[in-house]
Amino acid sequence: MRRRDFITLLGGAAAAWPLAAPAQQPAVPAIGFLSSVSASNYAREVAAFRRGLSEAGYTEGRNVAIEYRWAEGQYDRLPALTIDLVSRRVNVIFAASNAAALAAKPAAIGTPIVFSVGGDPVKLGLVASMNRPGGNITGVSFLSTAIMAKMLEMLHEAVPNVAVVGALINPTNPNDESNVREAQEAAHILGLELHILNASTEREIGSAVATLVERHGGALLVEGDSFFFDQKDQVIALAARHSIPTISSIDAWAYGGGLMSYSASIADAHRIAAGYVSRILRGEKPADLPVQQSKKVELIINLKTAKALGLTVPQSLLARADEVIE
């Protein structure tokens with residue numbers, strides 16, 4: 001082959017070669033966000049979690065990805081959602097509730113887990129101890145001890161003439177028995193007639209409120225449960241229809257039109273938990289991170305709702321409120 005022909009051939013071949021690909025960027029780490037509720041009702045808590053990540057140097061979409069999984073109040077979906085996150089090889093799973101943490105622990109044995117739970121994670125069986133959690137799981141515990149009793153006391157203070165009260169309970173909640181026992185003991189001390197109203201479906205919520213009305217109940221205590229979190233609009237609307245004041249340990253309850261909410265700040269607990277997620281992304285092990293405790297508790301009173309119900313909230317209660325909605 002003549003030199004000129006060879007150069008021509010080489011030039012044509014070079015033109016046909018693809019341009020050199022730019023160096024591939026390493027994939028950003030991924031967080032699995034596992035929640036018992038639905039996305040539409042969790043914007044405040046998700047924003048707090050993202051804020052916690054940002055404080056630690058991580059921004060979703062820039063240097064970290066988040067895979068969201070929502071059980072929408074159906075606890076039996078949580079194990080499968082966890083397995084899906086594991087199959088996608090997320091670097092760490094954030095379990096945003098008691099039920100989510102209890103489902104994630106056995107389903108994600110090889111994946112680090114950070115939880116945000118109410119109550120004692122040792123009693124829940126999540127960790128060996130608060131200081132030395134062991135295994136692949138740690139997180140944040142927020143105050144929930146005596147929440148049911150304190151809510152009943154506040155409800156009684158707001159409507160002292162009401163003698164019959166209902167407690168809306170989800171029997172599938174991991175804390176169901178302790179919550180019922182606590183509410184019953186508090187009702188006995190206060191001299192109230194308490195009716196336990198079980199509900200784990202929309203239809204059962206309607207039946208529960210109807211039962212309370214039939215028994216001449218004048219107030220309703222609502223358990224801080226993921227299902228009721230998702231169905232808060234339904235519960236609040238039914239209670240309003242029958243002029244029944246409500247209180248819940250769901251922190252968004254008063255914002256949604258309930259009379260009062262008394263709860264640990266779930267948003268604050270999620271923000272703190274995001275710090276642990278960030279540390280695990282940087283290589284630390286859950287077993288080496290002691291369980292943290294969030295002690296921020298908020299009482300929120302909705303005076304618009306009080307006015308609609310024809311109630312005058314005692315000044316002693318208003319003085320203790322962290323926020324009053326007017």
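Computed from the C-beta positions of A237 and A30 and an R0 of 41 Å, the FRET efficiency is 0.60 to the nearest 0.05. For the range 265-318, the alpha-carbon coordinates run over 56, 18, 11 Å along the three principal axes, in decreasing order.
Placing dummy labels 7 Å off each Cα toward the beta-carbon, the span from E153 to R132 is 3.6 nm. Here the 3J(HN,Hα) profile of the range 230-246, calculated from phi with Karplus coefficients 6.51, -1.76 and 1.60 at θ = phi - 60°, is 5, 9, 4, 4, 5, 5, 5, 5, 5, 5, 5, 4, 9, 6, 9, x, 10 Hz, Gly and Pro shown as x. For the chain, the longest principal axis of the alpha carbon atoms and the long axis of helix 176-190 meet at an angle near 30°. Relative to the dominant Cα principal axis of the chain, helix 3-16 is inclined by about 10°. Once the chain from I83 to N161 is taken as fully extended at 0.36 nm per residue, the excess over their C-alpha distance is 23.0 nm.
Amide H to amide H, with H built 1.01 Å from N, V90 comes under 5 Å of no residue 5 or more places away or on another chain.
Quick one: order K123, K304, K232 by neighbouring beta-carbon count within 10 Å, fewest to most. Write down the numbers at each step before the final one.
Values: K123 9, K304 13, K232 22.
In order of increasing Cβ crowding within 10 Å: K123, K304, K232.
For the chain, the mean projected area of the C-alpha convex hull, equal to one quarter of the hull surface, is 22.7 nm².
Paramagnetic label reach from D322 (point 7 Å along Cα→Cβ; backbone nitrogen cut-off under 14 Å): within the range 262-290, residues 262-272. Backbone geometry of the range 247-261 corresponds, through the Karplus equation with coefficients 6.51, -1.76 and 1.60 at θ = phi - 60°, to 3J(HN,Hα) couplings of 9, 8, 8, 7, 5, 8, 4, 5, 5, x, x, x, 5, 8, 10 Hz, x marking Gly and Pro. Set the bar at 18 Å for Cα to Cα. Now go through K123/K285; K123/K232; K150/K296 and name every pair that lies beyond it. K123/K285; K123/K232, as the Cα separations exceed 18 Å there. Across the range 168-175, rounded Karplus estimates of 3J(HN,Hα) from the backbone phi angles (6.51 cos²θ - 1.76 cosθ + 1.60, θ = phi - 60°) give 7, 10, 8, x, 8, 5, x, 9 Hz, Gly and Pro being marked x. Per q in 0.19 Å⁻¹, report the Debye log10 I(q)/I(0) for the range 185-326, using one uniform scatterer on each alpha carbon and no solvent. Log10 of I(q)/I(0), two decimals: -1.14.
For the range 111-241, the Stokes-Einstein estimate of translational diffusion at 25 °C and a viscosity of 0.890 mPa s comes to 153 µm²/s, using the Kirkwood hydrodynamic radius over alpha-carbon pairs. For the chain, the residue among I280, Q74, A306 whose Cα projects farthest onto the positive side of the dipole built from Cβ charges is I280.
Every number here is computed from the coordinates shown, using simple stated rules; none is lab data. Note that the coordinates shown come from a computational prediction; the quantities given were computed from them, not determined experimentally. Here the Cβ is made from the backbone with ideal geometry for all residues, glycine too, and neighbour counts use every protein chain on show.
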